[in-house]
1. Looking for something modelled with pLDDT under 95, in contact with a helix residue (DSSP H, G or I) (Cβ under 7 Å, 6 or more places away or on another chain) and more than 22 Å from Glu190 (Cα to Cα) - is there at least one such residue anywhere in region 42-55?
2. Which one is nearest to the chain's Cα centre (by Cα) among residues in region 298-320 that are part of a strand (DSSP E or B) and not small (Gly, Ala, Ser)?
3. Mind listing whichever residues of region 97-127 are in contact with an Asp or Glu (Cβ under 9 Å, 6 or more places away or on another chain), touching a residue at least 12 places away in the same chain (Cβ under 8 Å) and more than 15 Å from Thr87 (Cα to Cα)?
4. Can you say whether Thr398 is farther than 22 Å from Asn335 by Cβ and not charged (D, E, K, R), as far as the supplied structure shows?
5. With a cut-off of at least 1 residues that are surrounded by fewer than 18 Cβ atoms within 10 Å (Cβ to Cβ), in contact with a Phe, Trp or Tyr (Cβ under 9 Å, 6 or more places away or on another chain) and without any contact (Cβ under 8 Å) to a residue 12 or more places away in the chain, name the helices (runs of 4 or more DSSP H) lying wholly within region 197-297.
6. Which of the residues belonging to region 259-307 are hydrophobic (A, V, I, L, M, F, W, C) and over 25 Å from Glu190 (Cβ atoms)?
7. Taking the stated definitions as given, is Ala237 under 28 Å from Asn274 (Cα atoms) and modelled with pLDDT of 95 or more?
8. Out of curiosity, is Ala291 of a type outside the set (Ser, Thr, Tyr), under 26 Å from Asp23 (Cα atoms) and at pLDDT 95 or above?
Amino acid sequence: MKASLYFCHIQKTAGTSLLALLDRYFAASEVCPQQRWHELSARPLAERNGYRFYAGHFGAGGMRALLGRDLPLMTFLREPAALARSTYLHLLRERDHRFVGALKSTRSAAEFIADPRVRGIFSNRQCAHLSFDVERDACGERVFFSNDALQEVQGFTARSNPVVTELKRFQRACEQLKSAAYFGLVERMEESLLLFAYTFSLPACGELERLREAPPQQLDFSSFDTLAAAGNTYDTALYSIAVELFEQRLSEMRAALKPYLRDPWKPWTRGRANSIAAALNARFMHESTQASTPSLAMRDALYGAGWHRRETLEDGRCFRWTGPSAMASAFVRPNTPVASLQLEVIDVASAAHLNDLRVLCDGQAARVHIHGCGPWSITAAVGARLKPDKIAHVELITPAALIHSSHHAGSRDPRRVGLAVTEIRW
């Protein structure tokens, strides 16, 4: 993974779901907790610069203003019509934004998008995000939904007031997209996650659970769509360029992974992987420089698939739920010979997730023994001792994950979960 990374989160491009995945690759102390402009700008400059991973609605040029330096950037784009609809539905659900007055005074989606008070956020907003810079293109009204953030940004931009045409903004956005460390497409999430893992030399990410999706709505969007299309000419062009570049990078990925893929016409490749995800895992095990450690605590970076976001307990320990799939995996590199793995589990979705748990180490089943009655300590005897300084692939396989709220009274958490793990020791 890069020494530092900035996820430029454009609202309603699956960012909440992606953040649950991205924090996996950094230790807890390396992740900047502030994701809003007014929160981060309020911290001392030395503290702001003390992290490796940043994410938020800061626009592409926001980090330069907040940290005094540029960072490698990643982002996700979305088809403009879908983005406009999702933005409107988000504003209907939420009330912590500066468009509440316009919502109250309009009676339909079409009337709302035509209101001069909101027109900016439905007009080439992805170009605005990628073009944004407090000195060269201070288009904060297109980037920020919050009054607090917009007011704070205006303080940064008071020294300059550049006039940027829509064409120039589009050109700047294209340059930013092409130079980005990585970008993905919401409509092609599965391929985007494979490309993400390939770009940063990671194992396959696994399934991503979409969070905060709007429920189905019976609304008339016909006139809304027409107005949205009229205001997104440059975003539409940007998205077309993104699709073309995305296809090119996918082709490069497939070519680069050929040494790890099975070829039906070449019998000597029979032992290789037969999917891009498996090829990514094989490449990671072959090329990774992951450090040797005495254990894997959920406060640490985690290389694997099938885990939800990191959460913190009152005593300072961290844990992660497995899910949304029935399999969670981690690549570990022990610093000593290993005969057994010890999983520390503080919660379960159901008794079956414990009783039916299977543990595989490099594809070989381990003997599982469960101790305690909540929290639990699970010992997995791996048979052949794992060698020190050698990467091993550990898989936890349980029954299908369950919605968190189905087994925790009062919970409104929609995630599908299995086991809540604090640490894997060896």
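The values are calculated or read from the model by the stated rules, or taken from the named source; none is laboratory data. In this text, all values refer to a predicted model and were calculated from it rather than measured experimentally. Cβ atoms come from the backbone with ideal geometry, glycine included; neighbour counts cover every protein chain shown.
1. Taking every residue of region 42-55 in turn, none turns out to be modelled with pLDDT under 95, in contact with a helix residue (DSSP H, G or I) (Cβ under 7 Å, 6 or more places away or on another chain) and more than 22 Å from Glu190 (Cα to Cα).
2. Here the residue is Trp307.
3. Across region 97-127, the qualifying residue is only Cys127.
4. Numbers: farther than 22 Å from Asn335 by Cβ: yes; not charged (D, E, K, R): yes.
In short, yes.
5. Details: elements: 222-230, 233-256, 276-287.
Fully inside region 197-297 and qualifying: 233-256.
6. Looking only at region 259-307, we keep the residues that are hydrophobic (A, V, I, L, M, F, W, C), and these are 261, 265, 268, 273, 276-280, 282, 284-285, 291, 296-298, 301-302, 305, 307.
Trp265, Trp268, Ala291, Leu296, Ala297, Met298, listed by residue number.
7. Taking the combined requirement at face value, the residue does not satisfy it.
8. No.
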